[in-house]
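Structure first, then comments.
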Amino acid sequence: MNILVLNASPRRRGMTSQASECFVEGVGSASTDDFSSESVHVDVLNVNDLNFSPCKACLYCRKHGNCCQPVDDAHKVAELVRACDVLVVAAPVYWGNIPGVLKTLFDRLVYVLMGETKVGIPIPKHKGKRAYVITSCTTPFPFDVLCGQTTGVFRALKEVLGTSGFKICGKIAIPGTRRLQELPERVGKKAYNMGVRCV
Ligand SMILES: Cc1cc2nc3c(=O)[nH]c(=O)nc-3n(C[C@H](O)[C@H](O)[C@H](O)COP(=O)(O)O)c2cc1C
């Protein structure tokens, strides 16, 4: 089983990164216990450390199924997405949405995520695969929901992941981060358990 984690927070000790680490710990504990039958491989990518150019909208990929831009990290991510069984997206709320760097990466990955019918209806390429989503924001609960903040990230990721065929099997929202130094224990446990269940 291949698990790919895309972490779009540049803050290594931020809440999004801490929660994704707990998720990966959960995966680790489940995959090393005596009952696990399958070998589990986890790749964690910090999207902010990747080097890639934005999509040029030339639409070459729609015809040829690959990207004609010079090889960069987006091509490598494309291969990892193709090979993954489970995709985890950890993304803080920026302007009520996913960070621009993650959106830019998804724009480059259209051809690995979906195809298109002749009249332009999307064809998902990842049917049967699972996805998990983690987000955080400074807006406190319940305003993160009422004002479309954490829910803005969930909506944006549902658009990308759902259209690509992934089933979103777990979501974690961490609102009100201004008052937090460390990830609350109960949120860490939730992320850990999500990792355990994912194996
Ligand atoms: C560019 C930028 C835009 C942001 N936009 C929002 C926003 O629209 N709503 C919000 O509640 N928080 C916003 N925030 C705050 C972050 O979502 C918040 O600090 C979050 O906890 C960061 O997660 P991290 O520490 O895991 O990176 C923004 C932060 C940055 C840097």
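Just for helices (runs of 4 or more DSSP H) wholly inside the range 90-162: which have at least 2 residues that are of a type in the set (A, V, I, L, M, F, W, C), within 16 Å of the ligand (Cβ to nearest atom) and over 22 Å from Leu59 (Cβ atoms)? Let's see the steps before the verdict.
Values: elements: 100-108, 110-113, 143-146, 150-157.
The helices (runs of 4 or more DSSP H) meeting that bar are 143-146, 150-157.
Exactly one of (1) more than 29 Å from Val145 (Cα to Cα); (2) in contact with an Asp or Glu (Cβ under 7 Å, 6 or more places away or on another chain); (3) not acidic (Asp, Glu) is unmet by Val40. Its number?
Here Val40 clears every test but (2).
Return the residues of the range 128-173 that are within 21 Å of Val5 (Cβ to Cβ), surrounded by fewer than 17 Cβ atoms within 10 Å (Cβ to Cβ) and more than 15 Å from the chain's Cα centre (by Cα); say none if nothing qualifies.
Listed by number, the list holds a single entry, Gly128.
Among the residues of the range 174-199, which ones are within 24 Å of Pro140 (Cβ to Cβ), among the aliphatic types (A, V, I, L, M) and surrounded by fewer than 19 Cβ atoms within 10 Å (Cβ to Cβ)?
Matches in the range 174-199: Leu180 only.
Just to be sure I understand the filter: pairs with C-beta atoms under 7 Å, separated by 6 or more residues or on different chains, first member in the range 137-162 and touching a residue at least 12 places away in the same chain (Cβ under 8 Å) and of a type in the set (Phe, Trp, Tyr), second member open to solvent by 50 Å² or more (accessible area, probe 1.4 Å) and away from the ligand (no atom under 12 Å from the Cβ). Which pairs pass?
If the second residue must be open to solvent by 50 Å² or more (accessible area, probe 1.4 Å) and away from the ligand (no atom under 12 Å from the Cβ), the pairs left are Phe154/Lys171.
Exactly one condition in (1) in a strand (DSSP E or B); (2) more than 15 Å from the ligand (Cβ to nearest atom) is not met by Val44; state its number.
It fails just one condition, (2).
On the basis of being of a type in the set (S, T, N, Q), part of a helix (DSSP H, G or I) and within 16 Å of the ligand (Cβ to nearest atom), does Ser29 make the cut? Give the steps one after another, and end with the answer.
On the way: of a type in the set (S, T, N, Q): yes; part of a helix (DSSP H, G or I): yes; within 16 Å of the ligand (Cβ to nearest atom): no.
When the stated conditions are applied, Ser29 does not pass them.
Per-residue answers, yes or no, for (1) open to solvent by less than 50 Å² (accessible area, probe 1.4 Å); (2) in contact (Cβ under 8 Å) with a residue 24 or more places away in the chain:
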{"site": "Asp72", "(1), (2)": "yes, no"}
{"site": "Ala83", "(1), (2)": "no, yes"}
{"site": "Pro99", "(1), (2)": "yes, yes"}
{"site": "Leu113", "(1), (2)": "yes, yes"}
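The values are calculated or read from the model by the stated rules, or taken from the named source; none is laboratory data. Model, not experiment: these values are computed from the prediction. Glycine gets a Cβ as well: all are built from the backbone with ideal geometry, and neighbour counts include every protein chain shown. The area values use the complete protein model at the heavy-atom level, side chains included, leaving out ligands, DNA and RNA. Shrake-Rupley method; radii C 1.70, N 1.55, O 1.52, S 1.80 Å.
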